[in-house]
Amino acid sequence: SDGPQTLLKLRLLNAWGSYGLKNPTLIFNYCTLWNDEEGTLIQGTAPSELTRHFSPLLQLGSVYFVSNFRVKPPAPSYRSCSHKLTIILSAATQFEDVTRSSPSFWPDAFEFTPFSSLHSRIRSSVYLTDVVGAVVSITGVSSTVTSFGTTVRSDLVLQNENHMFLDISLWSDIARNLNGQELAVLGRSGPVMLAVCSLRVTGATKGLHVPYRRTILPFISLPLFLITFTPLVGGYSLTSTPGTRCVLNPVSEMAHLVQSVFFASTNTCQYYPPRFATPNEAAAFEAECTKTVSQLLALCFPPVADSTRYHCSGRIVSVDSSMQWYYLGCALCSKAAIDYDGVDKWCDDHRRLVPQQTQNFYKLRVTVDDNTGSAAFVLLGRAADLLVGLTANDLSTRFPYQRNVLPQELLALEGRDFTFDVQLPKPEYGARGPPEFTVLAVNEQEQPNSCSPTLGRRARNAMPHTPPPNSPHLMPLTSPYVVPTMQNASVEHG
């Protein structure tokens, strides 16, 4: 709908720039999040060229009469709320500030996802997730080097009313604006409630649930077989996005429920100093972890337990066709799912699975070569998704490929240069054959490196490469927060 006859009274909760994966300084859209007098959320968007127009005009927390706008269905991915419409702002859109005359206007709004529903959000790109909990711990802001440059990170742990944990990775300005030391001081007198909105759920963490633990613990001398452990999800890992915002002590029923559980708790929030206080310290550590293929192979003999994240640049010369390139796994933890009764599947961690709880995952073994040698790298999960540009579930269902036949999208990887983040094989795998390095992350090199110029023996003409979805690990262009009061919206321009 168009025209000044449409008038909405809205409070601005957040404003940010959405950017591209290859160039995090290039804004695609200027995004906003609003709520009305009933607490209903709706997302707004504007062309990137209007960022400089709206940035000084709009202030977080202010209430406006908004007119001269259009509405349309929301984008198919990365939605900050569930509303079926999106407001389209333009240069003709008018804003009348009525904050002073609206003292009783709804202060904030959330769409908290119940803990039992978080499993359906794992690796989903449709909706972003709002969570709330008591702050258990937070790390100091630490410099880290990514494929897109130096940024900062902080790790936050929340606990919900069922004592389940939410491990949240905060990046860039989002990490800077949340003061962990102040939260720890507040935690000395009672639980600190924190809402973190517009997150991506990246996975589930395994935990052990002990039935009737308060009854069992006094009788610890009982035979061990009388104490049963039921494997359950212990929590979930989440990561921030450019639209993430934090609200201290939010006003909501779910936050009140969490606070009532931890009401009598003190010293619940622990602060841990950062690992690297300066970018120079982070860069020096990253330089020590940059290895050639021959250096990686040398680290495997003798086999030792090493969880260090190493970086290695090389060229994929071949994709192994002797092994199946995908497997059926549990959608919660990505572990292999075996047949249970011909229809349902079985996961050791999550028990019986219906077909909707399973999906296909990549298991790619590639040979990587540089000037010093060659080695086998194994790609699983999100690292493989980003490398190919399609998930294994999409590729295997979109095209009738067999597991032992490599599709064109995988053959097109041969002959291309990448920088890999890898881990050494575990010591117990040392006697099984040549070392295989697990890939944790991958980034394609724009310029050819110094590796062998020989192309892969089956390299094809590369098809148009579909860029992977936006990564939350990139530096956001803006990150307004509410800790504990509203702040002015600002957008940095690259």
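Of the residues 389, 415, which is in contact with a Ser or Thr (Cβ under 8 Å, 6 or more places away or on another chain) and at positive phi?
On the way: 415 fails: in contact with a Ser or Thr (Cβ under 8 Å, 6 or more places away or on another chain).
Exactly one residue qualifies, and that residue is 389.
Results for (1) among the hydrophobic types (A, V, I, L, M, F, W, C); (2) more than 28 Å from residue 288 (Cα to Cα); (3) touching a residue at least 24 places away in the same chain (Cβ under 8 Å), shown as yes or no for each residue.
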{"residue": "377", "(1), (2), (3)": "yes, no, yes"}
{"residue": "380", "(1), (2), (3)": "yes, no, yes"}
{"residue": "386", "(1), (2), (3)": "yes, no, yes"}
{"residue": "393", "(1), (2), (3)": "no, yes, yes"}
{"residue": "396", "(1), (2), (3)": "no, yes, yes"}
{"residue": "403", "(1), (2), (3)": "no, yes, yes"}
{"residue": "406", "(1), (2), (3)": "yes, yes, yes"}
{"residue": "410", "(1), (2), (3)": "yes, yes, yes"}
inquiry  = Among the residues that make up the stretch 180-192, is at least one of them on the phi < 0 side of the Ramachandran plot and in contact with a helix residue (DSSP H, G or I) (Cβ under 9 Å, 6 or more places away or on another chain)?
reply    = yes
query = Of (1) outside any strand (DSSP E or B); (2) within 20 Å of residue 434 (Cβ to Cβ), residue 334 satisfies all except one. Which?
reply = (2)
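Hey, can you tell me all the residues within the stretch 328-366 that are under 24 Å from residue 424 (Cβ atoms) and either small (Gly, Ala, Ser) or open to solvent by less than 50 Å² (accessible area, probe 1.4 Å) (or both)?
Passing the criteria: 329, 333, 334, 336, 361, 362, 364, 366.
Return yes or no: is residue 379 out of contact with any Ser or Thr (no Cβ under 6 Å at 6 or more places or on another chain), more than 20 Å from residue 200 (Cα to Cα), at pLDDT 80 or above and open to solvent by less than 50 Å² (accessible area, probe 1.4 Å)? Before the answer, list the steps.
Working: out of contact with any Ser or Thr (no Cβ under 6 Å at 6 or more places or on another chain): yes; more than 20 Å from residue 200 (Cα to Cα): yes; at pLDDT 80 or above: yes; open to solvent by less than 50 Å² (accessible area, probe 1.4 Å): yes.
Yes, satisfied.
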ask   = Looking at 237, 198, which one is modelled with pLDDT of 90 or more, open to solvent by 10 Å² or more (accessible area, probe 1.4 Å) and under 22 Å from the mean Cα position of the chain (by Cα)?
value = 237
remark   = Those residues of the stretch 169-178 which are of a type outside the set (Val, Ile, Thr) and either crowded, with 17+ Cβ neighbours inside 10 Å or in contact with a Lys or Arg (Cβ under 6 Å, 6 or more places away or on another chain) (or both) amount to 169, 170, 171, 172, 173, 175, 177, 178
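The values are calculated or read from the model by the stated rules, or taken from the named source; none is laboratory data. Worth saying up front: this structure is predicted, and the values here are computed from it rather than measured. Heads up, the Cβs are rebuilt from the backbone with ideal geometry, glycines too, and the neighbour counts pull from every protein chain shown. To get the accessible areas, we keep the full protein, side chains included, count just its heavy atoms, and leave off ligands, DNA and RNA. Shrake-Rupley method; radii C 1.70, N 1.55, O 1.52, S 1.80 Å.
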